[in-house]
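Structure first, then comments.
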Amino acid sequence: LMRCLIIGGAIRCPIESSGCAATCSYRNADESDLSVQYTALNYLETVSVRKQEKCIKKVVEMAATGKKFDVLLSLDGGGIRGVILVQILLYIEAALKKPLISYVTWLAGTSTGGFLAAGLAKGMSLRDCQKIYLRMKDCLFEGRIRPYQSDAFEQLIKANIGETSKITDIVSPKLIITTVLAEKHPVQLHMFRNYTLPGDDNQCCTQCSYIPDIPLWKVLRCSSAAPTYFDSVDNKFVDGGLIANNPALDLLSEFERYKSCQEFSECNEEASVGCLLSIGTGRIPDMPIESLNLGFINVIDMVSAFKNLGYMVMDQVTAAEGRPVDRARSWCHCMGVPFFRFSTPMSKDYALDTKSDQDLIQMMWETLEYVVNERNEIAKLVELLNTLHSNSRCFT
């Protein structure tokens, strides 16, 4: 209880107080002892921190000269764990004292991240999005048999996003929603977007699409058609999380593609990435794998091994943490771009379709603990965004 009060902002007794319970006064416990526990930085992490500081300093100095910069926001997939995305963004927005979306010029989302991205791009507040998530679980995940009713999902999207709204109705920010085109082998990542590439009148890129007439609700349905959870769309589009559950690298790639097209067209715009903010839907705790041997001597062990291998394959296919984050950070730092990644370390592997109020509350509380512990890093992000935002020339 004391730990909850302190993390929630309660003021502890001054050091001169006497008779306080353990953890109450500053004399008995340091605040860091009550935060989520993290390991000390190793050498490579220390190097990464120094590189990040160097990138921030460089961007701030260049922005002061009037150079144009874009702010990129990437939102992971993760089903109902999208409440974690909202909780993290709420804390950042409270520190900014302005809507975060007003700072963002490029926005990408996968599955639940795509739903949130579209909502923010259409002007919905984070609190409105949070209310939708809290209602969503009871509307979508009815019964114990999967796949769930796709019609109910579509009606929910239409009710909140609009039935006639199109992705191209959104002028700013530049919006990317990922899905997987699975009508032929090998499957391909497909990106719906609300803009055209400079100089590309034919829009011949097969991995992206600018389709003026496609409804936004259908785009979001394509991005969220998770196999075994919901039916595919038009028998060809499935959940974008199968390839880009963390769309940060794909967002960077698309930005660079756009920039390259600018160089070979008559477009006079010129911009660079001033910051990439990547938000995750939580890091699951490490769990032991009991068996991987596929010998035929013990049938029970063999079945267990096949099951574990299946989990491993699916885990890596939909990976959003670990190496995908490392690659995005390394690419950003090579470009001299500050990279911020926030994703809550969870106490357990919450199901993507959990309906438990207790689980949702626990996810939100663990996220609050996490962002409070990360407040110094968030303060650096806020300072950078405000520095860029103070000069209107920094945004395209």
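Residues are listed down the side, and each one gets a yes or a no for (1) at pLDDT 90 or above; (2) in contact with a strand residue (DSSP E or B) (Cβ under 9 Å, 6 or more places away or on another chain); (3) under 22 Å from residue 116 (Cα atoms); (4) buried (at least 16 other Cβ atoms within 10 Å of the Cβ):
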{"residue": "208", "(1), (2), (3), (4)": "no, yes, yes, yes"}
{"residue": "232", "(1), (2), (3), (4)": "no, yes, yes, yes"}
{"residue": "255", "(1), (2), (3), (4)": "yes, yes, yes, yes"}
{"residue": "264", "(1), (2), (3), (4)": "no, no, no, no"}
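If you check 123, 119 for being surrounded by fewer than 24 Cβ atoms within 10 Å (Cβ to Cβ), more than 29 Å from residue 346 (Cα to Cα), without any contact (Cβ under 8 Å) to a residue 60 or more places away in the chain and assigned by TED's automatic domain parsing to the domain that holds residue 181, only one passes: 123.
Condition check for residue 348 on (1) part of a helix (DSSP H, G or I); (2) at pLDDT 90 or above; (3) loosely packed, with under 15 Cβ neighbours inside 10 Å: one failure, at (1).
Here residue 169 does not fit the description of being within 25 Å of residue 231 (Cβ to Cβ), among the charged types (D, E, K, R) and surrounded by fewer than 23 Cβ atoms within 10 Å (Cβ to Cβ).
Going through (1) surrounded by 18 or more Cβ atoms within 10 Å (Cβ to Cβ); (2) more than 16 Å from residue 51 (Cα to Cα) one by one, residue 328 falls short only on (2).
Against the test of being in a helix (DSSP H, G or I) and modelled with pLDDT under 90, the options 363, 312 yield a single qualifying residue, 312.
Which one is farthest from residue 197 (Cα to Cα) among residues in the range 102-118 that are assigned to a helix (DSSP H, G or I) and under 14 Å from the mean Cα position of the chain (by Cα)? Applying the filter and picking the extreme gives 112.
Being touching a strand residue (DSSP E or B) at 6+ places or on another chain (Cβ under 8 Å), assigned by TED's automatic domain parsing to the domain that holds residue 78, closer than 14 Å to residue 119 by Cα and at pLDDT 90 or above is a property that holds for residue 174.
The values are calculated or read from the model by the stated rules, or taken from the named source; none is laboratory data. Just so we're clear, the structure is a prediction, and the values are computed from it rather than from any experiment. Cβ atoms come from the backbone with ideal geometry, glycine included; neighbour counts cover every protein chain shown.
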